[in-house]
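As structure tokens, the structure follows; a few thoughts come after it.
The values are calculated or read from the model by the stated rules, or taken from the named source; none is laboratory data. Here the structure is a predicted model, which means the values were calculated and not measured. Backbone-built Cβ (ideal geometry, glycine too); neighbour counts: all protein chains shown. When the accessible area is computed, the model is the full protein with side chains, heavy atoms only, and any ligands, DNA or RNA have been set aside. Shrake-Rupley method; radii C 1.70, N 1.55, O 1.52, S 1.80 Å.
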Amino acid sequence: MIEMTLREIADAVGGTLHDVPDPEVRVTGSVEFDSRRIGSGGLFLALPGARADGHDFAAAAVAAGAVAVLAARPVGVPAVVVTPKPGTVPATSVALAGDSDGSGAAVLAALAALARASVRRLSAADARSDGAPALRVVGVTGSSGKTSTKDLLAAVLAPLGSVIAPPGSFNNELGHPWTALRADESTRFLVLELSARGPGHIAALAEVAPPSIGVVLNVGTAHLGEFGSREAIAQTKGELVEALPADGLAVLNADDPQVAAMASRTSARVVTVGQATSADIRASDIRLDDRARAIFTLHAPQGSVEVRLAVHGEHQVGNALSAAAVALECGADLATVAAALSGATAASARRMDVRTTEDGVTVVNDSYNANPDSVRAALKALVTMAKAGQTPRRSWAVLGEMAELGEESVIEHDRIGRLAVRLDVDRLVVVGTGRPSRAMHQGAVMEGSWGEESILVPDIGAAMALLDAEVESEDVVLVKASQSVGLWEVAEHLTSRERADDRRGSTEAGQ
């Protein structure tokens, strides 16, 4: 965040100062909602939570170095106080337990206003006294691939200047402005994910940190239960390109008809990416190595260049093309883009994180979240890894429920089970006892004569026990489910040193 006085902050958020001896004292540190992360010169956000109310930690935050607190009521220490107003923040992915009086919504709205003020000043043409370019804000949305593309964008833009991007998928009404406030006068690029659970959510986030470049990856079935239809999802994703200025840039996926159609919804210049021959920036000659990493030729108006991705899965090609389009727009040359893409590794946890244990088991931890599109991509990557090489390896898919699919949930889970059979996954382990999990298992059973090759287990513990007993050296294991399932425990168990040692010891004892 740019340095601001408490008076300037109060003006920006529509708040009043309480217990502030000097309104001209400046906030020089970061804005934090966790009092344990507060440092000297920071600003603490008092948010309600399931077990505690941030207002109760205001004094501790100031004692730790905070200049003041952004709060919904006076807290006995220097504070900018905003008045709760019902409906200030639309109900979205952020859930503030205990916010019965609207205090959390008020603080979130104030945080958004503060981020807006900071970003707009940094985005002004004369924002930098050293003559460097003003801040450029890049927004990314889509049903899947946002986080992977955000990480690739950070990698390809880094050679051009300082980049701020959210950790993981911190892309909601708290994470979005919190990330935007990380940008300061030294930041050249601010890369943000924009998520949504209903109409108007992306438009609201775009107001917080107005983007000059917008990337729309795809329209899939994630959150279908909340939107009701893919058409409604497309309408909401397109809010990003509608928010772009006339001199901005919209990067659209030419291979997704619903995304390509968004060109008519923006006044910004449009660049298309994809495998279609009509795409402005496209990929050809795509092939995968034995770790399902894509190698392809990138074609752009500037020429062609080979790219060898270090991230896993053919679906990463489209993400890489989008990142390349943005970097080229911002002044990078083709060689720099290719080198950055080829060197970029997975920067966010539990997303196609591929590791091999000491006893030779390859674990693909893609357990952060799941929707039908991302599960299909992960299954294809699994099979590629297992079938590559002179000696095929045994493939395992450990899958849990995909949440928020609404009335389509049973159908979509059935389809995933059937797809696993068609792709010739050797062992399918479905975790859970709910109707969606049973539908996935039943779909696999009905698709072919698998018998015991498709197994339904009740919980994570049962999955671990099964894998401990049956996974062998050189097997490849994919672990994927929606975040609420917590299936990363299985992946972490598989990659733990203790488990590898235990299995090797058991094998040696039996010889």
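Given the whole protein assembly as supplied and a 1.4 Å probe, what does the accessible area of residue 1 come to in Å², nearest 10?
My reading of the accessible area for residue 1 is about 20 Å².
Which listed residue (342, 368, 396) has the Cα farthest towards the positive end of the charge dipole for the range 329-400, taking +1 on Lys and Arg C-beta and -1 on Asp and Glu C-beta about the Cα centre?
Most positive-ward Cα: 396.
Antiparallel as a % of all DSSP beta bridges within the chain, to the nearest 5? Write out the running numbers ahead of the final one.
On the way: 22 of 69 bridges.
For the chain, the DSSP antiparallel bridge percentage is about 30.
Relative to a virtual label point 7 Å from the Cα of residue 134 in the Cα→beta-carbon direction, which members of the range 222-259 show backbone nitrogen distances below 16 Å?
In the range 222-259, the label zone of residue 134 (backbone N under 16 Å from the point 7 Å along Cα→Cβ) covers 244-249.
Whole-Hz ³J(HN,Hα) for each residue in the range 471-476, computed from phi via Karplus 6.51 cos²θ - 1.76 cosθ + 1.60 with θ = phi - 60°, x for glycine and proline: what do you get?
For the range 471-476, the Karplus-derived couplings read 5, 10, 3, 6, 5, 10 Hz, x marking Gly and Pro.
If R₀ is 30 angstrom, what is the calculated FRET efficiency for the pair residue 267 and residue 231, using the beta carbon separation as r and rounding to 0.05? Don't jump to the answer; show the numbers that get you there.
Values: r = 23 Å, r/R0 = 0.75.
Efficiency at R0 = 30 Å is approximately 0.85.
Label points 7 Å out from Cα along the Cβ direction at residue 185 and residue 16: separation in nm?
Placing both labels 7 Å beyond Cα along the Cβ direction yields 3.4 nm.
Could you order 441, 176, 18 by accessible surface area, starting with the largest, using a probe radius of 1.4 Å?
Details: 441 35, 176 5, 18 65 Å².
From most accessible down to least: 18, 441, 176.
Once you place label points 7 Å from the Cα toward the Cβ at residue 308 and residue 56, how far apart are they in nm?
5.6
Nothing charged except the Cβ atoms of Lys and Arg (+1) and of Asp and Glu (-1): what's the magnitude of the dipole of the range 328-400 about its Cα centre? Round to the nearest 20 debye. Please list the in-between numbers first.
Numbers: 8 positive and 7 negative charges, 79 e Å.
With Lys and Arg at +1 and Asp and Glu at -1, about 380 debye.
Can you give the % of DSSP beta bridges in the range 323-453 that are antiparallel, to the nearest 5?
50
Could you pull out every residue, at least 5 positions away or on a different chain, whose amide H is within less than 5 Å of the one on residue 275? Hs are placed 1.01 Å off N in the peptide plane, and Pro or chain starts have none.
Correct list: 255, 283.
Would you kindly state how much longer the chain becomes between residue 278 and residue 28 on full extension, computed as 0.36 nm times their sequence separation minus their alpha carbon distance, in nm to one decimal? Spell out each step's value before the answer.
Numbers: separation 250, 0.36 × 250 = 90.00 nm, distance 4.88 nm.
Contour length minus the Cα-Cα distance gives 85.1 nm.
Want the number for residue 7 to residue 453: 0.36 nm per residue separation, take away the alpha-carbon distance, what's left?
Length difference between fully extended and current span is 154.0 nm.
Could you compute the FRET efficiency for residue 496 and residue 120, with r as their C-beta to C-beta distance and R0 at 41 Å, rounded to 0.05?
Working: r = 47 Å, r/R0 = 1.15.
The value I calculate is 0.30.
Report P(r) for the chain: all Cα-Cα distances, bin width 10 Å, range 0 to the bin holding the largest distance, values in whole percent.
With a bin width of 10 Å, the distribution comes to 4, 18, 26, 25, 18, 8, 2, 0.
Could you work out [θ]222 nm for the chain from helices alone, using -39500 (n - 2.57) per DSSP H run of at least four and dividing by all its residues? Round to the nearest 500 deg cm²/dmol. Numbers along the way, then the final one.
Values: 18 runs with 180 residues, N = 511.
Helices in the chain give a 222 nm mean residue ellipticity of -10500 deg cm²/dmol.
In whole Hz and in residue order, list the ³J(HN,Hα) couplings for the range 10-24 that follow from phi through the Karplus curve 6.51 cos²θ - 1.76 cosθ + 1.60, θ = phi - 60°; x for Gly and Pro.
These are the phi-based 3J(HN,Hα) values: 4, 5, 5, 9, x, x, 10, 8, 10, 6, 10, x, 10, x, 8 Hz.
Would you mind working out the magnitude of the charge dipole of the chain relative to its Cα centre, with +1 at each Lys and Arg C-beta and -1 at each Asp and Glu C-beta, to the nearest 20 Debye?
Numbers: 45 positive and 63 negative charges, 137 e Å.
Once rounded to the nearest 20, the dipole reads 660 debye.
Which value, in Å² and to the nearest 10, is the accessible area of residue 286 when all protein chains are kept and the probe is 1.4 Å?
It works out to around 50 Å².
Where does the Debye-calculated log10 I(q)/I(0) of the range 273-383 sit at q = 0.10, 0.11, 0.16, 0.20 Å⁻¹, using only Cα point scatterers of equal weight, no solvent?
Taking Cα atoms of the range 273-383 as identical point scatterers yields -0.31, -0.37, -0.74, -1.06.
With just the Cα atoms of the range 334-464, tell me how far they stretch along each of the three principal axes, in Å, largest first.
On the principal axes, the range 334-464 reaches 49, 37, 28 Å in Cα extent.
Test of understanding: express the Cα radius of gyration of the range 152-227 as a ratio to 2.2 N^0.38 Å, with N the residue count. Before the final figure, lay out each step's value.
On the way: Rg = 13.3 Å, N = 76, 2.2 N^0.38 = 11.4 Å.
Relative to the rule-of-thumb radius for its length, the range 152-227 sits at 1.16.
Explain nothing, just compute: Karplus ³J(HN,Hα) = 6.51 cos²θ - 1.76 cosθ + 1.60, θ = phi - 60°, for every residue of the range 142-152 in order, whole Hz, x for Gly and Pro.
Values, residue by residue: x, 6, 8, x, 4, 5, 4, 5, 4, 5, 5 Hz.
Could you do me a favour and compute the accessible area per residue for the range 143-237, 1.4 Å probe, result in Å²?
Values: 2570 Å² over 95 residues.
Heavy-atom SASA per residue in the range 143-237 reads 27 Å².
Quick one: of the DSSP bridges fully inside the range 208-326, what percent are antiparallel, nearest 5?
Values: 12 of 23 bridges.
The antiparallel fraction comes to roughly 50 percent.
Could you point to the residue in 323, 429, 60 farthest towards the positive end of the chain's charge dipole, with +1 and -1 charges on the Cβ of Lys/Arg and Asp/Glu respectively?
323
Just to compare against my own numbers: the Cα pair-distance distribution for the range 444-492, 5 Å bins, whole % per bin, please.
4, 16, 25, 24, 19, 10, 1
Treating only the Cβ of Lys, Arg, Asp and Glu as charged (+1, +1, -1, -1), what charge dipole size does the range 269-350 show about its Cα centre? Round to the nearest 20 debye. Could the numbers behind the result be given before it?
Working: 7 positive and 8 negative charges, 41 e Å.
Here the range 269-350 has a charge dipole of around 200 debye.
Give 150/387; 146/237; 85/150; 146/387 a once-over and call out the pairs whose C-alpha atoms are over 22 Å from each other. Working shown, then result.
Values: 150/387 30 Å; 146/237 12 Å; 85/150 33 Å; 146/387 28 Å.
Result: 150/387; 85/150; 146/387 exceed 22 Å.
Rounded, prolate or oblate, given the Cα gyration tensor of the range 218-292, with a/c below 1.5 counting as rounded?
On the way: a/c = 2.53, a/b = 1.21, b/c = 2.08.
Judged from the Cα gyration tensor, the range 218-292 comes out oblate (a/c at least 1.5, b/c at or above a/b).
How far apart, in nm, are the 7 Å Cα→Cβ label points at residue 388 and residue 36?
Distance between the two pseudo-spin positions: 3.9 nm.
Set the Förster radius R0 to 41 Å, insert the Cβ-Cβ distance between residue 408 and residue 349 as r into 1/(1 + (r/R0)^6), and round the FRET efficiency to 0.05. Let's see the in-between values first.
Details: r = 29 Å, r/R0 = 0.70.
So the FRET efficiency works out to roughly 0.90.
For the chain, give the percent of accessible area contributed by carbon and sulfur heavy atoms, probe 1.4 Å, rounded to a whole number.
Taking all protein chains in place, the chain shows 48 percent carbon and sulfur surface.
How much length is gained on full extension from residue 446 to residue 83, taking 0.36 nm per residue of separation minus their Cα-Cα distance? Provide the component values of the computation, followed by the final result.
Values: separation 363, 0.36 × 363 = 130.68 nm, distance 5.78 nm.
Full extension of this stretch gives 124.9 nm more.
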